[in-house]
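Undergrad: Sharing a structure below in structure tokens format, with a few things to ask.
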Amino acid sequence: MAAEGGRAKPLAQSRMENFRRVRTSEEEMPLPFPDLPPDVVEMKVKEGSKIRNLMNFAMAQMELKGRRQIVFSGCGRAVTKTITCVEIMKRKLGGLHQVTKVRYKTVLEVWESQDPPLDGPAQNLTVHKNVPSICILLSRDPLDPNQSGYQPPEPRHEAGEDTLGSSSKGLKRPLPPPCEELLPKKLQVQESDSPRGTGTTAGQQDP
């Protein structure tokens with residue numbers, strides 16, 4: 001164990017301080033909604049996404065292009081921002097049926113050693129994390145009210161009301177618990193001697 005300021009630190013924490021994260025990718029998973037049209041728009045919300053940019057694109061899809069359904073998804077620290085986007089759209093459009101699904105997905109991180117050996121390649125660590133993920137379907141058309149996570153439409157609010165402020169209240173119903181088999185698993189760490197690591201970045205660029 002490494003000591004600092006008179007206090008001992010866990011070996012794993014001390015070891016990770018010598019690494020920097022160089023790549024992150026998310027596990028690709030199918031949307032948890034049956035009978036979706038093949039061209040449904042999925043808004044993949046990231047931690048660094050700007051809500052204004054997301055909403056400008058999403059509102060154009062629903063109002064100008066006449067989409068009947070749209071999906072917002074996010075994981076980890078982006079879950080709260082995903083819910084905020086959904087609440088803004090519901091208040092602006094009104095009459096939207098909603099289904100919320102909560103699950104876990106795997107995020108892969110590649111960490112590179114900041115102190116590579118003089119006589120060999122840099123050491124990489126590949127870390128697999130299971131993080132909470134949320135998918136929310138909004139639909140102009142009626143959905144099955146008996147399915148888990150369903151929420152009926154809300155009345156449309158008049159223009160000029162504070163949509164951003166009220167959206168911080170989040171969902172009005174508690175989120176359904178994730179499936180038992182998707183509960184967090186033990187963190188897995190794999191070491192690699194390759195200089196760059198493996199893995200590709202999955203996902204969709206924010207609009």
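Each value in this text was obtained by applying a stated rule to the coordinates, not by laboratory testing. Since we're looking at a predicted model, the values are computed, not measured. Heads up, the Cβs are rebuilt from the backbone with ideal geometry, glycines too, and the neighbour counts pull from every protein chain shown.
Undergrad: Quote the Stokes-Einstein diffusion coefficient, in whole µm² s⁻¹, for segment 15-156, based on the Kirkwood radius over alpha carbon pairs, a temperature of 37 °C and a viscosity of 0.692 mPa s.
TA: This corresponds to a translational diffusion coefficient of 192 µm²/s.
Undergrad: Once both labels are modelled 7 Å past Cα along the beta-carbon direction, what's the V22-S148 spacing in nm?
TA: Going from the V22 label point to the S148 one covers 4.0 nm.
Undergrad: With label points built 7 Å along Cα→Cβ from the Cα atoms of T80 and M59, find their separation and express it in nm.
TA: Each label point lies 7 Å from its Cα, and together they span 2.4 nm.
Undergrad: Using the structure shown, list the pairs from K65/K105; K46/K105; K90/K129; K65/K129 with a Cα-Cα distance above 26 Å, or answer none.
TA: Result: K65/K105; K90/K129; K65/K129 exceed 26 Å.
Undergrad: Remind me, relative contact order of segment 22-141 in percent, using alpha carbon pairs under 8 angstrom and six or more residues apart?
TA: Averaging sequence separation for qualifying contacts and normalising by length gives 34 percent for segment 22-141.
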